[in-house]
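Read-outs throughout are calculated quantities, based only on the coordinates presented, and are distinct from any laboratory measurement. Just so we're clear, the structure is a prediction, and the values are computed from it rather than from any experiment. Neighbour counts run over all protein chains shown; Cβ positions are idealised from the backbone, glycine included.
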Amino acid sequence: MCGIVGYTGAQHAAPVLLDGLSKLEYRGYDSAGIAVAQDGAIAISKVTGRIANLQEKTDNGRLVPGTTGIGHTRWATHGAPTDFNAHPHASNDGKFAVVHNGIIENYLELRQELTRKGYRFESETDTETIVHLVEMYYQGDFQRAVMKASARLRGSYALGIICTDEPDRIFVVREASPLIIGLGIGENYFASDVTALVAYTRNAIYLDDGEFAELTPDGVQVFDCTGHPVEKKINRITWDIQAAEKGGYEHFMLKEIMEQPRAVKATIAPRLKNGEVSLDGMDIDLRRVNKILITACGSAYYAGCAGKCTIERLCRIPVQAELASELRYADPLIDDKTLLIVLSQSGETADTIAAMKECQRQGAKALAIVNVVGSTIAKLADYTLYTWAGPEIAVATTKGYTTQLTVLYLFALYGARKLGRIEMEEYARLISALKALPKQMQQVLDMNPAIEKLAKKYHKHPSMFFIGRNTDYAVALEGALKMKEISYIHAESYAAGELKHGTIALIHEGQPVIALCCNEAVTEKTMSNIIEVKARGAEVLAIAFRGNAKIVSLADDMIYIPKSDPLFCAAVEIVPLQKLAYYVAKENGCDIDKPKNLAKSVTVE
Ligand code: M6R
């Protein structure tokens, strides 16, 4: 969940580290720090709070001289967000400093052992054990000490380590946490993800689990865990710098909401060839597949819930959507006829990775739908389909979610055609419907004043209900999550037909209920549920297709969206809810891009 960076070269390192950290801040933002080697010592500067505090403390890095250093932005796991617990952590002799992303599972036993041996701990973190281990194993050979220390660790870790004896040398180690090396000329970098590197280089090496690397200004050498050199492919980073900047928008979230038509188009366009859906690299024999299991966390799971409805309808294969955090311990019924679909924007979500590994172990083939190229999930998958959303920085996902939906729709059409379960005429009609999504999303985006006005009306309510059926219910789940995570308003999503089995007891005078009424097969049923909550005093905001005149007489407020095919409409229907959450959060003065307690990429269990 944390972000780590490192630099070695001829430049003043601290400003480069601070710039990289500011790009990684979305990964964690409760404290931050840098360590720079200079004149036989390591200067460490740390703060509680945001990178801006660290920039101020170090005068934008000017107060920390030196050309090799490491940096960290933290999402606290072990120990509160304080200066003491902030990384980098230093060894007792001051020779080493380490930054770490991940969790050391055996840290308690290591801590006890190190304490017994006389090492003094300054923090409550699991990370501090690493730097003391390096000191313990150091007998003049930095690389050997790093290898021996790493061999003692259990858990997930991406590490950056510097040493005063070799001030222009950094060791990085990767085990189940992302780590990318950026290659420059006369300088080299590392970071948790490419957003921190794009301003400096386009050439990158993705480390694999169990590998470590030595970075100096003149070169990079990667090794396997036994110390044997490994030849690595140099990858070209395709994301541009602007994609990771706000580009004039007040928040990344708003920018990313607005980018959705383009992102969805970029996800669809390369996969439509001569009127057919073509999914490169997919050589799955779908006739052998007797069950599709979708797994993911958070919004990606909700995309899976919506995609389940569309895939089942078109492919006529049973589809089950399961939360990865549950699936990993559920002893699922899986065999080699199960196709696992794994959804993840970051490609680094710990629970999703664990569930995926478990299903693969039991024989399932895994198709990953991922945004980040080269991420762990993309690497582990048997087949990968990228969502070409570009970097997503805001913690609340928007374009990540809608592009995941888009790939699921493409897959549903592809599968139906491969299995011969769709008439050509219907197939062609649905392809046109899919191609229409970006334009329809744009039309919703152009409705700004109306949604802002609704946000002003609803922002003071302490709780909201989101109801719908079938795909509308899947959208309700995501709409409620958006509202909760950025505005801190209690929002509950409910299958509309379930209300009267208990939850309707919570409906009272003035209670806002957001009713999703776009799936025409069930709209009339949802309308009955609207009548039921209205009878108990609820204030109803309904989302429906333009032209649905019946709902207007029931709801207090309406958002009309362009008519899209019910199989694909979740991608359009979610857009007003993203905007509503955004403007409600803005009215309430919330920190929209960095909501409290959250981090973008959840790399711990
Ligand atoms: O990177 P992933 O798609 O695997 O992330 C999954 C969830 O952590 C993520 O969707 C989370 O729920 C977002 N904060 C929702 O906006």
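Listed peptides 385-397, 438-450 appear in the order 385-397, 438-450 once ranked by packing, highest mean of other Cβ atoms within 10 Å at the front.
When you restrict to C-alpha pairs under 8 Å that are six or more residues apart and normalise by the size of the chain, the relative contact order lands at 12 percent.
Listed by chain and number, the lysines whose alpha-carbon sits under 24 Å from that of K563, ignoring those within fewer than 8 places in the same chain, are K265, K308, K399, K435, K439, K453, K482, K525, K550, K579.
Hey, what angle do you get for helix 424-435 against the long axis of the chain, alpha-carbon based, 0 to 90 degrees rounded to 10? Helix 424-435 sits roughly 60 degrees off the main axis of the chain. Distance from the C-alpha centroid of segment 409-457 to that of segment 330-403: 23 Å, rounded to the whole angstrom. Using a Förster distance of 30 Å, how high is the FRET efficiency between N203 and T226, based on the Cβ-Cβ distance and rounded to 0.05? The calculated FRET efficiency here is 0.65. Return the ratio Rg/(2.2 N^0.38 Å) for segment 239-388, where Rg is computed over Cα atoms only. Ratio of Rg to 2.2 N^0.38 Å for segment 239-388: 1.10. Across segment 3-245, Cα-Cα pairs more than 22 Å apart make up 46 percent of the total.
What separates the Cα centres of segment 542-593 and segment 170-212 is a distance of 41 Å.
Considering only beta bridges that DSSP places wholly inside the chain, some 60 percent are antiparallel. Using the Cα coordinates of segment 445-587, the gyration tensor eigenvalues translate into equivalent-ellipsoid semi-axes of 19, 19, 14 Å, sorted from longest to shortest. Over the chain, the alpha carbon radius of gyration divided by the compact-protein estimate 2.2 N^0.38 Å works out to 1.01. Put simply, when 587-600, 532-545 are sorted by average Cβ atoms within 10 angstrom per residue, most first, you get 532-545, 587-600. From the alpha carbon centroid of segment 480-513 to that of segment 30-93 is 43 Å. Helical runs assigned H by DSSP (4 residues or longer) give the chain a calculated mean residue ellipticity at 222 nm of -10500 deg cm²/dmol, each run adding -39500 (n - 2.57) before division by the residue total. The charge dipole of the chain, taken about its Cα centre with unit charges on the Cβ atoms of Lys, Arg (+1), Asp and Glu (-1) only, comes to about 1520 debye. Each of the peptides 218-230, 363-375 was scored by the mean count of other Cβ atoms within 10 Å over its residues; in descending order, highest first, they stand as 363-375, 218-230. Rounded to the nearest 20, the Cβ-based charge dipole of segment 271-435 about its Cα centre (Lys and Arg +1, Asp and Glu -1) stands at 360 debye.
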